[in-house]
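Single-structure report; data block below.
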Amino acid sequence: MPPDSADPQDDNLTVQAGGTLKVANDKKDKFALTTTLTVVEGEVAFAAKGPIVTPTGCGNRCMIRVWTDTASAGSFTPVSDQDLTAAAAAGNEVDYARTLKKGDKIRYEGDLDVTLSSASGDAKVRRHRTKDKPA
């Protein structure tokens with residue numbers, strides 16, 4: 001069996017004032033990666049939608065999990081399933097939104113449709129993706 005390929009390289013995302021940016025994983029890796037977004041500059045609104053349970057063949061990441069970390073906390077806190085689905089029309093759908101300020105982080109697994117938007121000037125976000133599964 002060939003060894004796992006390396007993690008994708010980190011990248012910097014720019015969200016222009018008043019604009020939105022879709023954040024997507026590579027199609028072949030979307031169920032294999034944990035993504036961490038860190039706000040480097042500005043403030044962004046994070047919005048995530050998708051199924052709470054992903055389809056068969058999801059690479060052991062069949063349940064959507066999300067964690068948050070504020071600049072002052074310094075450690076990730078899991079977001080409950082109830083919070084992830086609170087705004088959704090159905091209990092099996094993720095509809096989660098949160099405003100992130102400079103230094104805040106959000107981490108998620110699985111196939112979420114993530115959109116970042118900025119209403120107060122340009123924002124910069126660092127995206128780190130890894131195949132390591134968080135605890």
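Shape analysis of region 23-120 yields a ratio of the Cα radius of gyration to the Kirkwood radius, Rg/Rh, of 0.96. Normalised by the number of residues in the chain, the mean separation of alpha-carbon contacts (under 8 Å, six or more apart) gives a relative contact order of 48 percent.
Subtracting the Cα-Cα distance of ASP95 and LEU21 from their residue separation scaled by 0.36 nm leaves 24.9 nm. In order along region 18-24, phi translates into HN-Hα couplings of x, x, 10, 9, 7, 10, 10 Hz, rounded to whole numbers, per the Karplus curve 6.51 cos²θ - 1.76 cosθ + 1.60 with θ = phi - 60° and x for Gly and Pro. In the chain, the calculated helix contribution to ellipticity at 222 nm averages -500 deg cm²/dmol per residue, counting -39,500 (n - 2.57) for every DSSP H run with n ≥ 4. 3J(HN,Hα) along region 115-125: 10, 10, 9, 10, 10, 10, x, 5, 10, 10, 10 Hz, from the Karplus curve 6.51 cos²θ - 1.76 cosθ + 1.60 with θ = phi - 60°, whole Hz, x for Gly and Pro.
Listing ASP83, ASP11 from the residue with the fewest other Cβ atoms within 10 Å to the one with the most, what is the order? Write out the running numbers ahead of the final one.
On the way: ASP83 14, ASP11 10.
The fewest-first ordering by Cβ neighbours comes to ASP11, ASP83.
Excluding same-chain neighbours fewer than eight residues apart, the aspartates and glutamates reachable from LYS124 by a Cα-Cα span under 20 Å are ASP10, ASP11, GLU41, GLU43, ASP69, ASP104, ASP113. Qualifying GluC sites (Glu not before Pro) in region 23-100, where qualification requires a DSSP coil assignment and no more than 12 other C-beta atoms within 10 Å, are lacking entirely. For region 92-135 versus region 2-58, the inter-centroid distance based on Cα atoms is 7 Å.
When the C-alpha to C-alpha distance is required to be over 22 Å, the pairs from LYS27/LYS133; LYS28/LYS133; LYS22/LYS49; LYS28/LYS102; LYS101/LYS133 that qualify are LYS28/LYS102; LYS101/LYS133. The phi-based Karplus calculation (6.51 cos²θ - 1.76 cosθ + 1.60; θ = phi - 60°) puts the 3J(HN,Hα) values of region 82-95 at 5, 5, 5, 10, 4, 8, 7, 6, 10, x, 9, 10, 7, 9 Hz, whole numbers, x for Gly and Pro.
Taken together, the values in this text are just the output of simple stated rules run on the coordinates, not laboratory data. Small disclaimer: the values here were computed from a predicted structure and weren't measured. Every residue, glycine as well, gets a Cβ built from its backbone with ideal geometry; the counts of neighbours run over all protein chains shown.
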